[in-house]
Structure formats: C-alpha cells, structure tokens
Amino acid sequence: MSIKKPHSSPSNPSFSSGPCAKRPGWSADALASALVGRSHRSKPGKERIQEVIDKTRIVLGIPSEYKIGIVAGSDTGAVEMAMWSLLGPRSVDVLQWESFGKGWVTDIRDQLNLADIREIKADYGLIPDLNTVDFNNDIVFTWNGTTSGVCVPNGDWIPGDRKGLTICDATSAAFAMHLPWSKLDFTTYSWQKVMGGEAQHGIIVLSPRAIDRLENYSPPWPLPKIFRLTKNGKIDEAIFKGATINTPSMICVEDALDGLNWAISIGGLDELIKRSEDNLIAVKRWVKSSKDIEFLAKNPITISSTSICISIVAPWFKNLDKKEQSYAAKTICSLLDREGVAYDIESYRDAPPGLRIWGGSTIETSDIESLTQWIDWAIGEVAEKYL
Ligand SMILES: Cc1ncc(COP(=O)(O)O)c(C=O)c1O
C-alpha cells in the first residue's frame, strides 16, 4: 500500500557503513592547517602525528602502558600486521559470524598456513558461543561484525588471566562502543568509521603482553617492512612516537585530529557512545512499530549500534527468491538515493538481502528518525509492484 512521502528529509543523507558520515558541521575548512607539502618527519609533522596519538589515548581511555601507532593499509593493514607478527606460537581460535571475520580465517589458514586453528562460527544474524573459546590459544575476532550488524555484547567472556593473546578488529566499534582494554592485546581500527575521518590509515593499540610477544617471538615467515614493529628484537618505540613506518597522508592526519577535537568538544567517549546508542534506540522504536522489518541480529544484546542491519520480513518480500529479494532491496535503496535522502544503505554484498544503516557517533538521531519514515515510504512503493 502506498505511503505518503515524508515532508522533511535527513539533514545529511550519508548513512554508509564506510567511509562513514563526517562529523556534524564538517567542511573542508577543517583541513586548512594540514601540513601539506611538509615532511611527516619534520618537527611539526611528527608533533601533529603525536597529537593524534595523544588525543586518541585520551578519548578512548587507553592505559599509558599500551602503545598506539598509525600504520598503512587502513584496518585491513592493521589486522594483517597483527596476524603476521604475532601468530604461530600458540593454537588459534578464530571467531567469525560475517564477512570480515571469515576473511581473517582465510588469511590464517591459507596464507599463513597455520594448521592448528579452530574456526568458531555462526551464520549471519547470530554470534558463536563465546563460552567455547579456549583462552590458552590466541584469539582473533571482530568486535562488531559490520556486515551482519552483530557485535559482542561486552568483554566479560574474555578472562583477565588468559594465556593467549586477543587480536581484535574493532574498526566499526571503536569510539561507539566500550572497549575493555585489559581484555584486548592487539586492537585495530581505521579512521573512516565511527569518527568519519578520511580513509587510508589504520590504528593499532598494543597491550604489554602483545609487546612482550613481539620482543620474544619471530615468526617463521618473511615479514614485509610495512609490518615490522621491532628493531633488533625490541619494540620500535619510534613508531609509537609519531615516526610512522612509511609516509602517512598529512591531510588524513589533520582530519583524524579534527574528529578527535570534535569528540573532546562534545564530551568525549561517553557522549560518542551515547550518540550511537541513541541512534539504535530510534531504530528500535521504528522496528517495534513496523511489521515489515526486523533486525538481522537475532539476540537483542548483540544488536550493533553502528552497522544496523535490517531484514525486510513483509510477506511479499519473503515470498521472493534470494535474487529477487536482492533486486527489491536494491530498488528500495535506489528510490531513496534518487530522493537524496539516503546513500549506500543496501546490505553488504555477501550478507542476506536487506538494509544497513550506519548509526555511528557522527550520525544525528533526528536524521535516523527521518530516514526511517523514508524507508517506510520506499518499501511501500516497491511493495506495490509485487502485490
Ligand atoms: C569489521 C571490519 N573489518 C575490516 C574492514 C576493512 O577495513 P578497511 O577498509 O579500513 O581496511 C571493515 C570495513 O568495513 C570492517 O567493517
């Protein structure tokens, strides 16, 4: 049945799950002081990079004994760096419940050729049984599965006295969800997610135990320069003091700093998390009020507040085969795109057909509320073709 077009539109139609929306009020003026054309190894260059590291520590509440570095290759580069540098001496438990976790399994099994690995997996919408994880092993997991909208509820399942290391891909969680640093040994994320920074670089956060592993274990495989965190068997301190392994973009550095300054100006991590949680609350209200949609995440405590994945469960949609569902979801998204009210909200290519709305901290809750009205309209429009 057709639904009237809403009168008002989101003030920002960017709801992509990466690169994600810029902070409210962002313009290219934020980059005016970028140290373009200067060496990143110049005094001001290093100071600017160090400022990003220092403010990252402040906003994320990272303990002083943990090290923070900026690396190449975005989050993928950061996770690969962790796996190639640390894995090998212990068995590995890899948790996967959506596309990115699955990707890390492939690397560990087929590229690093580690035989002693256990895949602990679940289908889209579910999370594996976290009680089956063996913490004598090294653990690789994604805090928030961006393609299924399912996240771990907290870090309580990770013991403080574990023997193995935890390698955590936190790219769509950092800044929007509480990360318990005492439970995480090598954490990664990239700038273009929750903070809406420019894409290019990854951040690594290393616990003392991860540093100890780096200083006392050399992997049997060759380690490209871009992954090397040690020098003469000791951690390369310079990397964590603004001397990156290779050249960063000073425009990206400036933008990351702009995001951190914004975070500090609004009240820091608690406010960032609240903004994202408020967005999820708005979507929950919408899901509750509609018979046509559900969260893809089956267990309410695992519903992501950042990559919010929505299944369409209206009977007309459920009666379609997967290819037709995919086409119908695409049509809904095209309608919204054409109206200029929502860009890039189709579910990830490997995920079940549906919608994925970014609800990270840069998104205004009023925009989410407006968007949901537009989605109701677009679903109504597409439904007419099938009824
Ligand atoms: C959970 C997760 N891991 C890794 C990646 C890859 O990130 P990047 O493009 O920053 O390398 C993404 C990107 O969306 C992601 O969501």
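Please treat every number below as a calculation from the coordinates, not as lab data. Only a predicted model underlies this, so the values are computations on that prediction, with no experimental measurement involved. Glycine gets a Cβ as well: all are built from the backbone with ideal geometry, and neighbour counts include every protein chain shown.
Three principal axis extents describe the C-alpha atoms of region 104-211; from largest down they are 37, 33, 29 Å.
Taking amide H positions as modeled 1.01 Å from N, with prolines and chain starts lacking one, the residues under 5 Å from His201 and 5 or more places away or on another chain are Ser74, Trp191. For region 370-381, the Karplus equation 6.51 cos²θ - 1.76 cosθ + 1.60, evaluated at θ = phi - 60°, returns couplings of 5, 4, 4, 5, 5, 5, 3, 4, 5, 4, x, 4 Hz by residue, with Gly and Pro reported as x.
Between Thr230 and Asp236, the built amide H atoms are under 5 Å apart, and every one of these is 5 or more places off in sequence or on another chain.
Shape call for region 99-165 from the C-alpha gyration tensor, a ≥ b ≥ c root eigenvalues: rounded (a/c under 1.5), prolate (a/b greater than b/c) or oblate? Because a/c hits 1.5 or more and a/b fails to exceed b/c, region 99-165 counts as oblate. Peptides 178-190, 351-363, 262-274, 147-159 ranked from most to least packed by the mean count of surrounding Cβ atoms within 10 Å: 351-363, 178-190, 147-159, 262-274. Among the listed pairs Lys291/Lys330; Lys274/Lys318; Lys22/Lys284; Lys22/Lys330; Lys102/Lys274, which have their C-alpha atoms separated by more than 27 angstrom in this model? Pairs exceeding 27 Å: Lys274/Lys318; Lys102/Lys274. Taking every alpha-carbon pair under 8 Å whose residues sit at least 6 apart, the chain reaches a relative contact order of 26 percent.
Using just its DSSP H runs of length 4 or more, each adding -39500 (n - 2.57), the chain gives a mean residue ellipticity at 222 nm of -11000 deg cm²/dmol after division by all residues. Rounded to the nearest 0.05, the FRET efficiency derived from the C-beta distance between Asp161 and Arg285 at R0 = 56 Å is 0.85.
For region 227-328, the calculated P(r) over all alpha carbon pairs, in 5 Å bins from 0 to the bin holding the longest distance, is 2, 9, 12, 12, 10, 11, 10, 10, 10, 7, 4, 2, 0 percent.
Coupling constants for region 202-208 follow from the phi torsions by the Karplus curve (6.51 cos²θ - 1.76 cosθ + 1.60, θ = phi - 60°), and in residue order they are x, 10, 10, 10, 10, 7, x Hz; glycine and proline get x. If you take the Cα centroid of region 212-254 and the Cα centroid of region 51-116, the two points sit 13 Å apart. In terms of the mean number of neighbouring beta-carbon atoms within 10 Å, the peptides 19-28, 229-238 order highest first as 19-28, 229-238. Normalising the Debye intensity of the chain to I(0), with uniform scatterers on Cα atoms only, and taking log10 at q = 0.07, 0.09 Å⁻¹ returns -0.32, -0.53.
Restricting the calculation to alpha carbons of region 269-386 gives Rg and Dmax of 13.8, 45 angstrom.
Each Lys and Arg adds +1 at its Cβ and each Asp and Glu adds -1 at its Cβ; summed about the Cα centre, region 28-266 shows a dipole of about 740 debye.
Give, in nm to one decimal, the length gained when the segment between Thr106 and Ser33 is fully stretched (0.36 nm per residue of separation minus the Cα-Cα distance).
The Thr106-Ser33 span can extend by a further 22.1 nm.
Near Glu346, the amide H atoms lying under 5 Å from its own belong to Arg356; only residues 5 or more places off or on other chains count, and H is placed 1.01 Å from N.
Set against the 2.2 N^0.38 Å expectation for a compact globular protein, region 1-148 has a Cα radius of gyration ratio of 1.42. Phi-derived couplings, Karplus 6.51 cos²θ - 1.76 cosθ + 1.60 at θ = phi - 60°, listed residue by residue for region 255-268: 5, 4, 5, 4, x, 5, 5, 4, 4, 5, 5, 8, x, x Hz, with x used for Gly and Pro. Each Cα pair of region 137-186 feeds into the Kirkwood radius, which the Stokes-Einstein equation turns, at 20 °C and 1.002 mPa s, into a diffusion coefficient of 191 µm²/s. Peptides 370-379, 40-49 ordered by packing proxy, namely the average of other Cβ atoms within 10 Å per residue, highest first: 370-379, 40-49.
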